[in-house]
Amino acid sequence: MQDRRKSLEPPKGGLRRVVRGAPVFCLIALVLCACNSKPPDAVERGRMVYMTNCVVCHNPDPNLPGTQGPAIAGSSEALLEARVLHLSYPPGYKPQRNTHAMRAFPQLKNHIGDLAAFLAAARRQSDAKADAR
């Protein structure tokens, strides 16, 4: 019976070596992953802002109207700054809707340019699809 038990036991030190080497392996993997990733560009940062703050009322596809907000793909930076930060409109702009449901998002002050980049890219992508048809 003892011979059988010995054959089922792992070799001495084997598991310890694996456990001891695991943190080193994880550290190397983490460094390699970090070296291959690049910081998000303005369009990607704007997409994150849009998906986090805007899709509650606007459509996840900014080319389409949402449940409460209009389609906003291609909106200018001036319009975004006026609406998002001050709940106003740039001079001479005619609103798509007459509702007053939108609230201000002053915390997005430093992200208006990113949001504009994302909405411009969404408009270009939609236009390219339409041209391909």
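The values are calculated or read from the model by the stated rules, or taken from the named source; none is laboratory data. Remember, it's a predicted structure, so these values are computed and weren't measured experimentally. Glycine also receives a Cβ, built like all others from the backbone with ideal geometry; neighbour counts cover every protein chain displayed.
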Answer yes or no as to whether residue 69 is free of Cβ contacts under 8 Å to residues at least 40 places away in the same chain and crowded, with 18+ Cβ neighbours inside 10 Å.
yes
Suppose we keep only residues that are among the charged types (D, E, K, R) and in a helix (DSSP H, G or I) within segment 93-116. Which one would you say is farthest from residue 44 (Cα to Cα)?
109
Since residue 93 meets every condition but one in (1) surrounded by fewer than 11 Cβ atoms within 10 Å (Cβ to Cβ); (2) over 18 Å from residue 54 (Cα atoms), which condition does it not meet?
(1)
Assess whether residue 116 counts as being closer than 18 Å to residue 51 by Cα and of a type in the set (A, V, I, L, M).
yes
Filtering segment 59-90 for residues that are on the phi < 0 side of the Ramachandran plot and in contact with a helix residue (DSSP H, G or I) (Cβ under 8 Å, 6 or more places away or on another chain) leaves a count of 16
Would you mind stating whether residue 43 is within 20 Å of residue 123 (Cα to Cα), at pLDDT 65 or above and out of contact with any Phe, Trp or Tyr (no Cβ under 9 Å at 6 or more places or on another chain)?
no
Considering every residue within segment 98-105, establish whether at least one is small (Gly, Ala, Ser) and at pLDDT below 95.
yes
Output for segment 100-113, where each listed residue is within 13 Å of residue 69 (Cβ to Cβ) and surrounded by fewer than 11 Cβ atoms within 10 Å (Cβ to Cβ)
100, 101, 103
Look at residue 78 and say whether it is in a loop (DSSP other than H, G, I, E, B) and touching a residue at least 12 places away in the same chain (Cβ under 8 Å).
no
